[in-house]
Amino acid sequence: MSNTLNPGPAKGSQEYRFVVSRSTGAEYETDGLREEFVYRDLGLADATHGDFHAHIIKAKHLHGGHNGLHRHLVNLQFAMVLKGWVSFYYADHGEFRYEQGDTVTIPGNTLHELREYSEDLELLELTSPAVYRTVRQDGSEMPTPGQKARIQERTRAAVK
């Protein structure tokens, strides 16, 4: 007899761990992909052995260096605006402005660029896998941020 409430891990998946991330006293890392943002790791990479990553991204200031058109070598990227607004350009889809409550799911390897954002921007972002390479439009690689290097070390996830 199968247990429909707890069927166990999906075929071929690993056993995931129970992880809690508290907002009280949470630390934001400053060495993510963009200098103009800070990042709060939510523990999903640790829980899923690097299969997924989730973090809160907050605007630190409006005077950062935009990264130009680039792509993340991921299966997917998901974002939800928690506060403020942000606009992105996608090479095959055009420009979109997202406001509080809006979400977007982006297939892997989608060429995109951050355009503008509000000073109070907060995003929830998920990726699969947790650690991945980022490549500029010209094919050159962007350095792996310290934040991703620490996740890779903790989870032993391979950079794809």
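The values are calculated or read from the model by the stated rules, or taken from the named source; none is laboratory data. These numbers come from a predicted model, not from an experiment. Because the Cβ atoms are built from the backbone with ideal geometry, glycine has one as well, and the counts that use them run over all protein chains shown.
Scanning for something closer than 18 Å to residue 112 by Cβ and either at pLDDT below 95 or surrounded by 10 or more Cβ atoms within 10 Å (Cβ to Cβ) (or both), does the range 9-32 turn up at least one residue? The answer is yes; a qualifying residue exists.
Beta carbons closer than 9 Å, at least 6 apart along the sequence or on distinct chains, pair a first residue in the range 119-141 that is without any contact (Cβ under 8 Å) to a residue 24 or more places away in the chain with a second that is assigned to a strand (DSSP E or B) for 141/134; 141/135. A residue that is of a type outside the set (Phe, Trp, Tyr) and within 25 Å of residue 152 (Cβ to Cβ) occurs somewhere in the range 79-93. For the range 91-118, a residue qualifies if it is free of Cβ contacts under 8 Å to residues at least 40 places away in the same chain, closer than 26 Å to residue 45 by Cα and not aliphatic (A, V, I, L, M), and the qualifying residues are 98, 100, 101, 102, 103, 105, 107, 108, 109, 110. Restricting attention to the range 53-99 and to residues that are basic (Lys, Arg) and closer than 24 Å to residue 20 by Cβ, the residue that is surrounded by the most Cβ atoms within 10 Å (Cβ to Cβ) turns out to be 58. For the range 108-141, give me each residue that is outside any loop (DSSP other than H, G, I, E, B), over 21 Å from residue 56 (Cα atoms) and either of a type in the set (A, V, I, L, M, F, W, C) or within 14 Å of the chain's Cα centre (by Cα) (or both). Hit for the range 108-141 is 135, nothing else. Within the range 93-107, the residues that satisfy the criterion of being under 19 Å from residue 127 (Cβ atoms) and outside any strand (DSSP E or B) are 93, 102. So, in the range 142-160, exactly how many residues are β-branched (Val, Ile, Thr), in a loop (DSSP other than H, G, I, E, B) and either in contact with a helix residue (DSSP H, G or I) (Cβ under 6 Å, 6 or more places away or on another chain) or surrounded by fewer than 16 Cβ atoms within 10 Å (Cβ to Cβ) (or both)? Number satisfying all stated conditions: 1. Within the range 24-43, the set of residues being in contact with a helix residue (DSSP H, G or I) (Cβ under 8 Å, 6 or more places away or on another chain) and either farther than 21 Å from residue 121 by Cβ or not in a loop (DSSP other than H, G, I, E, B) (or both) comprises 29, 39, 41.
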